[in-house]
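All remarks here apply to the structure that follows.
The values are calculated or read from the model by the stated rules, or taken from the named source; none is laboratory data. None of these values were measured; they are calculated from a predicted model. Positions of Cβ are generated from backbone atoms using ideal geometry, with glycine treated the same way; all protein chains shown enter the neighbour counts.
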Amino acid sequence: MDAFLKNLPKAELHLHIEGSLEPELMFRLAGRNDVALPYDSVEQVRAAYDFSDLPSFLNLYYQGMAVLLTREDFHDLAMDYFCRAASEGVVHVDLSFDPQAHLKRGVSLDVQMEGLLGAMKEAESELDLSTALILSFLRDEPVASAAEVLERAQPWLSQISAVGLDSAEAGYPPGPFADVFRAARELGIPGVAHAGEEGPPDYIRSALDDLKVIRVDHGVRCLEDPDLVRRLQEERIPLTVCPLSNVRLKVVEQMADHPLPRLLEEGLTLTINSDDPAYFGGGVLDNYRACQAAFGWGEDIFRQLARNALEAAFMTEDRRQTLL
Ligand code: HPA
Ligand code: ZN
């Protein structure tokens, strides 16, 4: 079974590239850039990753990315992750990044884009890994800031596959971002959004109605609203579920309590993803393995989940046909 899960061609649709920053690389970049870290060792960093909820994680996530300053840093961050992903049987990644979090630290969008796009090109040619980029807005920052980032991103629109919405969810509903997502759509860029991770089912509804998203990130709390479940099922809206993330951020207490089996019974279009692999205990393969251990699923279910991800990924139809 383990060899089957490893060799299964998997796509990762929910991955914050900043959340793939392993402590080893964090130290290397801190040394290279002369950035002080509040830790003495890699072990100390890992020991600090004991979260009580999403905000407690986000504090360390935003702190960790302080080592990312140059094009080379963004390139190395992405390449480090792409190599790991490829070694786990990942064939495609829709990676998201948080431009506002870097702009706020004085790192230009040029630096971010050139570093990430360079690594994406290299992944394609050297690892046979296709990639697509999702520009995510921070929902706990003003809407005007999101609008400004979209404006600044104009030179790279052809290389941005979607806009996203992430960061602290509770108290930050999607509705206010409707105009920004509409502006993106008018530029030919579809939307995805985190909803129903810590926030209520209404946030999922709002992401669909107000932002017109074509995928929902997480979405696990939809189960609290049977009408919404029916709608997600009928409209075949993909949910990018991240089981190990949900355990580490205490959305659920343990894997055995995860709602994935119930979501599956409801006939939803599910995908399995890692979210922030460096912080949550593993990549896509580890998430597949954790589901196998907790739910005892057979090969057919994993085949379907992997297929859902390939079908919902931002990739060319030619590439999709070679992978399906
Ligand atoms: N949820 C919301 N925002 C995030 C996450 C997450 O899991 N990871 C990085 N930004
Ligand atoms: Zn996420």
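Among the residues of segment 7-24, just one is outside any helix (DSSP H, G or I), within 16 Å of ligand 2 (Cβ to nearest atom) and more than 24 Å from I237 (Cα to Cα), namely L21. Every condition in (1) assigned to a loop (DSSP other than H, G, I, E, B); (2) more than 14 Å from ligand 2 (Cβ to nearest atom) is met by Q292 except one, and the failing one is (1). Among the residues of segment 127-152, those that are within 14 Å of Q100 (Cα to Cα), hydrophobic (A, V, I, L, M, F, W, C) and in contact with a strand residue (DSSP E or B) (Cβ under 6 Å, 6 or more places away or on another chain) comprise I134, L135, F137, A146.
When each of H194, H258 is tested for being within 17 Å of the chain's Cα centre (by Cα), of a type outside the set (K, R) and within 16 Å of ligand 1 (Cβ to nearest atom), the lone residue that passes is H194. Scan segment 73-82 and give yes if some residue there is at pLDDT 95 or above, within 16 Å of ligand 1 (Cβ to nearest atom) and closer than 28 Å to A170 by Cα, otherwise no. No, the conditions are met nowhere in segment 73-82.
Is it fair to say P277 is closer than 30 Å to D50 by Cβ and at pLDDT 95 or above? Yes. Only one of the listed residues (L138, L157) is among the hydrophobic types (A, V, I, L, M, F, W, C) and within 16 Å of ligand 1 (Cβ to nearest atom). That residue is L138. Considering only residues in segment 266-289 that are farther than 14 Å from K10 by Cβ and out of contact with any His (no Cβ under 7 Å at 6 or more places or on another chain), the one that is surrounded by the fewest Cβ atoms within 10 Å (Cβ to Cβ) turns out to be G267. Taken together, L187, L223, L232 contain a single residue that is more than 15 Å from ligand 1 (Cβ to nearest atom), at pLDDT 95 or above and buried (at least 24 other Cβ atoms within 10 Å of the Cβ), which is L232. Filtering segment 160-175 to residues that are part of a loop (DSSP other than H, G, I, E, B) and either farther than 18 Å from L58 by Cα or more than 9 Å from ligand 1 (Cβ to nearest atom) (or both) leaves I160, S161, A170, G171, Y172, P173, P174. Looking only at segment 180-195, which residues are within 12 Å of ligand 2 (Cβ to nearest atom) and either over 19 Å from N246 (Cα atoms) or touching a His at 6+ places or on another chain (Cβ under 9 Å) (or both)? Hits for segment 180-195 are V192, H194, A195.
Restricting to segment 212-242, name every residue that is more than 18 Å from the chain's Cα centre (by Cα) and closer than 16 Å to G164 by Cβ. Correct list: K212 only.
Out of F4, F51, F27, F57, I need the residue that is in a helix (DSSP H, G or I) and within 13 Å of ligand 1 (Cβ to nearest atom). Which one? Answer to the check: F57.
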